[in-house]
C-alpha cells in the first residue's frame, strides 16, 4: 500500500509541475497609436480576415498565449495565403487582443518572440481592430489583394500539444524508472 501511495504522490507531483510552468508576464502599456502609414511600414503582415478558431497555448518556456486562425479575405503585406495564424496574449494585461470567432478584423502583425517562439504577433498596441471600425485605414491602404495560395492551417493550431505529449512520455518513463529501482532494492 505504501508503494501505491508513493507512486500516486509522485505522479501527482509531476502533473502539478507540468501544469504550473512559471510564466512571465507584465502589464501592457501602449504609447500613442501609430498612424496607418507608420503601422503599415512597421508590420510584417497586414491583412483582413474572419476569425475561424482560437486556441490557448502554453509554450515550452511557460508563456500562455492564444493562436488565432484567420480566413484571409484581403492582403496588403506579408500574407499570400488564404489562412494565417497569428499569436496574441490571453488578456489585455499581457497585451492580448480579445478576438471573437466569426468576426472580421483588419490585422497588423509583426514577427516577435513575445509569447515564446517566433511568430506573427498582434497586440493591443497595434492598430488591429474589427474591420468595420477601421474604414479610415481601408481608405488609406486601398483595395488590397485577394490571397492566391490556398492553404488549410486548422491542424497547425494543435502543434503545441506535442509539448504536452512529450512531457507525459517523460513522466511515464520516470515513473517506470522509480518503480524498477524500488523493486531492485527490495
Subject >> Residues (within 13 Å of residue 77 (Cβ to Cβ) and under 18 Å from the mean Cα position of the chain (by Cα)) located in region 127-154 >> reply: none
**OP:** Could you grab me the full set of residues in region 64-108 that are under 18 Å from residue 133 (Cα atoms) and not in a strand (DSSP E or B)?
**Re:** 97, 98, 99, 100, 101, 102, 103
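Residue by residue, here is whether (1) at pLDDT 90 or above; (2) loosely packed, with under 14 Cβ neighbours inside 10 Å; (3) farther than 30 Å from residue 181 by Cα; (4) under 15 Å from the mean Cα position of the chain (by Cα) holds:
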{"site": "6", "(1), (2), (3), (4)": "no, yes, no, no"}
{"site": "19", "(1), (2), (3), (4)": "no, yes, no, no"}
{"site": "26", "(1), (2), (3), (4)": "no, yes, yes, no"}
{"site": "33", "(1), (2), (3), (4)": "no, yes, yes, no"}
{"site": "37", "(1), (2), (3), (4)": "yes, yes, yes, no"}
{"site": "65", "(1), (2), (3), (4)": "no, no, yes, yes"}
{"site": "76", "(1), (2), (3), (4)": "yes, no, yes, no"}
{"site": "112", "(1), (2), (3), (4)": "no, no, yes, yes"}
**OP:** Output the residues belonging to region 85-94 that are surrounded by fewer than 24 Cβ atoms within 10 Å (Cβ to Cβ) and either in contact with a strand residue (DSSP E or B) (Cβ under 9 Å, 6 or more places away or on another chain) or at positive phi (or both).
**Re:** 85, 89, 90, 94
Original post:
For residue 121, which of the numbered conditions (1) farther than 15 Å from residue 65 by Cβ; (2) without any contact (Cβ under 8 Å) to a residue 40 or more places away in the chain; (3) surrounded by 15 or more Cβ atoms within 10 Å (Cβ to Cβ) fails to hold?
Top reply: (1)
Subject >> Selection status of residue 137, closer than 16 Å to residue 36 by Cα and touching a strand residue (DSSP E or B) at 6+ places or on another chain (Cβ under 8 Å) >> reply: yes
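The values are calculated or read from the model by the stated rules, or taken from the named source; none is laboratory data. If you're wondering where the values come from, they're calculated on a predicted model, not measured in any experiment. Cβ coordinates were reconstructed from backbone atoms using ideal geometry, including for glycine residues, and neighbour counts include every protein chain displayed.
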